[in-house]
Amino acid sequence: MSAPRPAGQPLVEVRDLVKHYAAERGWFGLGRPRPPVRAVDGVSFAIGGGSTLGLVGESGSGKTTVGRTMLRLQEATSGRVFFEGSDVFALDSGRLRALRRRMQIVFQDPYSSLNPRMTVGETLREPLKIHHLSGEVSSLLEEVGLDPAFAKRYPHELSGGQRQRVGIARALSVEPRFVVCDEPVSALDVSVQAQVLNLLADLQSRRRLTYLFIAHDLAVVRHIADTVAVMYLGKIVERAPAAEIYALPRHPYTRALLSAVPEPDPRATKRRIVLSGDIPSPAHPPPGCPFHPRCPHPKKSERCRTEVPPLREVPPQSGHLAACHYAEQPM
Amino acid sequence: MLRVRDLKTYFVTEHGRGTARAVDEVSFDLYPGETLGIVGESGCGKTVTSLSILRLVPEPPGHILPGSLIEFEGRNLLALPAPELRAVRGNQIAMIFQEPMTSLNPVFTVGDQIGEAAIIHQHLSRKAARARAIEMLKLVGIADPEERVDDYPHQLSGGMRQRVMIAMALVCHPKVLIADEPTTALDVTIQAQILELLDRLQQELGMAVLLITHDLGLVAGHADRVVVMYAGRVVETAETTELFDRPTHPYTEGLLAAVPRIDAPLARLHAIPGQVPAATAWPAGCRFHPRCPYAWDKCIAQEPPLLETGVTGHAARCWLVTEPERRQAKR
Ligand SMILES: Nc1ncnc2c1ncn2[C@@H]1O[C@H](COP(=O)(O)OP(=O)(O)OP(=O)(O)O)[C@@H](O)[C@H]1O
Ligand SMILES: Nc1ncnc2c1ncn2[C@@H]1O[C@H](COP(=O)(O)OP(=O)(O)OP(=O)(O)O)[C@@H](O)[C@H]1O
Ligand SMILES: [Mg+2]
Ligand SMILES: [Mg+2]
């Protein structure tokens, strides 16, 4: 184990991460040629030890791909990832295996990530055995709010939310330092969701865990994240301390997202910013600002169509970054 | 349009661990053009209820008990011969499954899978079915539909797969749509777009929607009435505004308190203490009593029936309805 790192110093750092999927040309190379899908297109961020980065954004914008390439479950096209100072993409397979224990992932699709022929107990015991850890299946299950009797069940005998919690228990069982949580609570009802979020927060303060928390539910992210990054079409378009971004969103996409959160109140009459226009594709990203074809900003101009806005600091708060030419203007 | 009466679906679990009473005497009605929300704790039987309606519960280990009734347009679906049932399934009653990867076939393109229902039920030609699939992909907000139609499920993001499922369900313009957590993987702007699409189909075609979700914001905005389930039972039912104004069952109360909000001050999330018991061992008396802050001896001794609260259509399975003064005496 390395010595504890001072707060604020990044435990994980991602630099200019790129992942393009070459187009498959169908069986036997028939079919129309297609441009590659630019799933992740130059993403950089750092996460301080013991803190949480919330990653939100459009469906298909590359969030899962960021998480998977960071852990080398998929090879990146380019870019670098550092974990506790070591260059993850340069590790040989032996050192990568050692690292795997300390970097875990909770998968978005719990069903396809659990072995259907193994009981829940076997699934949870396996990583403990591989890494020679002591740990009890029943207490792991209890931690995620499941009755220990579930150890004898097979994945198909569980409900969606029960499966999701098994995935969380498996990731936490090996006492990782860093966990990529890919939509970890999306299948849970609000009460179990609250239990799991409280658990994640407790583990964080007890074990100084660091999370990359991918979710589409902005209210959930607000509860768990210290910093929030918003992705759109393979790029981070806004990044800021959580309190900041909810109070004063700068990018028009973030503003639209926040305005569309459904409120648990049947009488709510919130003004929603409706996005119109075709949803752009990562295989054919538009020139200029990737958001311009759907952007509702009143100041939208020719510049947006031609010039890519850099991710830049937007005053007055330092540390609030947005990629919009008109981030300072009200909407 | 759809009448469910005393539905009981049990599972005989392996290795003699007893019978899981996943759905236990569930009754509700679904009227043309309306949206009925079903909410409830993870594992309480929502998915099994919806699978039972289309007789998709795997038998064995599952079986729907005699005495259960599922009536669609005057016919008991549970007694329908297989060929007639197949004509209803996917055509008149369609379902969006909770986990896309369990129901998408990995070796067929999404276009083939969406088109299949149109070929079987509406006798479209292959070519017309493909055009239809492209049109459906576009409707659910997938960019480059002409290209994506030839993708395999693994080439799509989680939210895109979910939208493919939605496209498959809607391709035949069903009269009843069962939507099991249909938007869990979608960001709020796409979610809003999908819900608008459903609203439109409801208005134009009188489609009825059974909306199973844990997102109370969605329920607040889109359901006309709500059924709350706990431990295989319906524990409360009411019109949506009435339910949010006057939650009567303590479980419903706890659920509403657990919602993370985007506008409230940050605090630790409220979770209902304890866990949902396993379906093989529901507690005696009221199934919620071990977790209930108001429970008294009567709740342990005797399970309450669904009791009318006095407001039309509002009923709760709780003795507090008969002894409201006990609400003051919180444990
Ligand atoms: N194995 C693959 N082959 C080809 N394209 C892929 C593959 N995996 C992902 N993609 C594409 O990469 C893009 C980003 O996908 P990713 O799963 O990272 O999105 P996401 O942000 O996690 O979306 P969601 O919120 O819907 O889960 C999508 O356009 C997707 O179709
Ligand atoms: N094949 C099976 N064998 C045994 N038990 C089962 C089987 N399928 C489901 N169950 C049990 O039945 C109960 C109800 O499951 P169901 O999938 O309907 O829950 P749900 O309300 O949809 O939950 P979630 O919100 O987590 O999806 C659960 O306790 C589950 O473990
Ligand atoms: Mg994803
Ligand atoms: Mg379910």
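The values are calculated or read from the model by the stated rules, or taken from the named source; none is laboratory data. Not measured: the values here are computed from a predicted model. Backbone-built Cβ (ideal geometry, glycine too); neighbour counts: all protein chains shown. Heavy atoms of the whole protein, side chains included, go into the accessibility calculation; ligands, DNA and RNA do not. Shrake-Rupley method; radii C 1.70, N 1.55, O 1.52, S 1.80 Å.
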Q: For chain B, just say rounded, prolate or oblate: build the C-alpha gyration tensor, square-root its eigenvalues into a ≥ b ≥ c, call rounded for a/c under 1.5, and beyond that prolate if a/b exceeds b/c, oblate if not.
A: prolate
Q.
Looking at the range B:67-215, I'd like the Rg to Rh ratio, where Rg is from alpha-carbon atoms and Rh is Kirkwood's inverse mean 1/r.
A. 0.96
Q. How large is log10 I(q)/I(0) at q = 0.18, 0.22, 0.24, 0.27 Å⁻¹ when the Debye formula is applied to the Cα atoms of the range A:117-175, each weighted equally and without solvent?
A. -0.51, -0.77, -0.92, -1.15
Q: Specify the longest stretch of chain A that does not include any exposed loop site, a site being one of the trypsin sites (Lys or Arg not before Pro) with a non-H, G, I, E, B DSSP assignment and at most 11 other Cβ atoms within 10 Å.
A: A:118-266
Q) Ranked highest first by the average count of other Cβ atoms within 10 Å around their residues, in what order do B:283-292, B:160-169 fall? A) B:160-169, B:283-292
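For the range A:117-175, what is the relative contact order in percent, using Cα pairs closer than 8 Å and at least 6 residues apart in sequence?
47
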Q) In peptide B:33-43, what is the residue-averaged number of other protein chain Cβ atoms found within 10 Å of each Cβ? A) 4
Q) Normalised by the number of residues in the range A:230-331, what is the relative contact order in percent for Cα pairs under 8 Å and 6+ residues apart? A) 33
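Once you average over the residues of B:96-108, how many Cβ atoms of partner chains fall within 10 Å of each Cβ?
2
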**Q.** Helical mean residue ellipticity (222 nm; -39500 (n - 2.57) per DSSP H run of 4+; nearest 500) of chain B
**A.** -9000 deg cm²/dmol
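How big is the shadow of the Cα convex hull of the protein assembly as shown, averaged over all directions, in nm²?
Orientation-averaged projected area of the Cα hull: 30.3 nm².
Is the shape of the range A:120-224 best called rounded, prolate or oblate, per the rule: a/c under 1.5 gives rounded, else a/b larger than b/c gives prolate, else oblate, with a ≥ b ≥ c the square roots of the Cα gyration tensor eigenvalues? Don't skip to the answer; put the middle values down first.
Details: a/c = 1.94, a/b = 1.24, b/c = 1.56.
Judged from the Cα gyration tensor, the range A:120-224 comes out oblate (a/c at least 1.5, b/c at or above a/b).
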Q) How big, on average over all directions, is the shadow cast by the Cα convex hull of the range B:274-331, in nm²? A) 4.6
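Return one whole number: the accessible area per residue of the range B:1-123 in Å², for a 1.4 Å probe. Provide the component values of the computation, followed by the final result.
Values: 5020 Å² over 123 residues.
Accessible area per residue, the range B:1-123: 41 Å².
Per residue, how much accessible surface does the range A:117-175 expose to a 1.4 Å probe? Answer in Å², no decimals.
On the way: 2500 Å² over 59 residues.
Computed with neighbouring chains in place, this is 42 Å² per residue.
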Q) Using a 1.4 Å probe on protein heavy atoms, which residues of the range A:218-261 have at least 20 Å² less accessible area in the complex than alone? A) A:ALA219, A:ARG222, A:HIS223, A:LEU257, A:ALA260, A:VAL261
(Q) For q values of 0.11, 0.22 Å⁻¹, compute log₁₀ I(q)/I(0) with the Debye formula on a Cα-only model of the range A:54-126, without solvent. (A) -0.37, -1.11
Q: Just the number, please: buried accessible area between B and A, total of both chains, 1.4 angstrom probe, nearest 100 square angstrom.
A: 5800
Q. How crowded by other chains is B:266-275, given as the mean number of beta carbons from other chains within 10 Å of each beta carbon?
A. 6
Q: Just reorder A:HIS325, A:HIS320 by solvent-accessible area, largest first, 1.4 Å probe, all chains present.
A: A:HIS325, A:HIS320
(Q) Checking the cross-link filter: which lysines have an alpha carbon closer than 18 Å to that of B:LYS127, excluding same-chain neighbours under 8 positions apart? (A) B:LYS138
(Q) Can you tally the net charge around B:GLU116? Count Lys and Arg as +1, Asp and Glu as -1, for every other residue whose Cβ sits under 12 Å from the Cβ of B:GLU116. (A) +2
Q. Mind checking the angle between helix A:190-207 and chain A's longest principal axis? C-alpha axes, 0 to 90 degrees, to the nearest 10.
A. 80
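Express the relative contact order of chain A as a whole percentage, based on alpha carbon pairs under 8 Å and six or more residues apart in sequence.
Details: 605 pairs, mean separation 61.1, N = 331.
Relative contact order here is 18 percent.
Is chain A best put as rounded, prolate or oblate by its Cα gyration tensor, with a ≥ b ≥ c the root eigenvalues, rounded for a/c under 1.5, and otherwise prolate when a/b is larger than b/c, oblate when not? Write down the numbers at each step before the final one.
On the way: a/c = 1.60, a/b = 1.46, b/c = 1.10.
Prolate is the answer for chain A, as a/c is 1.5 or above and a/b outweighs b/c.
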Q: Among DSSP beta bridges lying fully in chain A, give the percent that are antiparallel, nearest 5.
A: 60
Q) Mind listing which trypsin sites (Lys or Arg not before Pro) in the range B:294-330 are in a DSSP loop and have 13 or fewer other Cβ atoms within 10 Å? A) B:LYS330
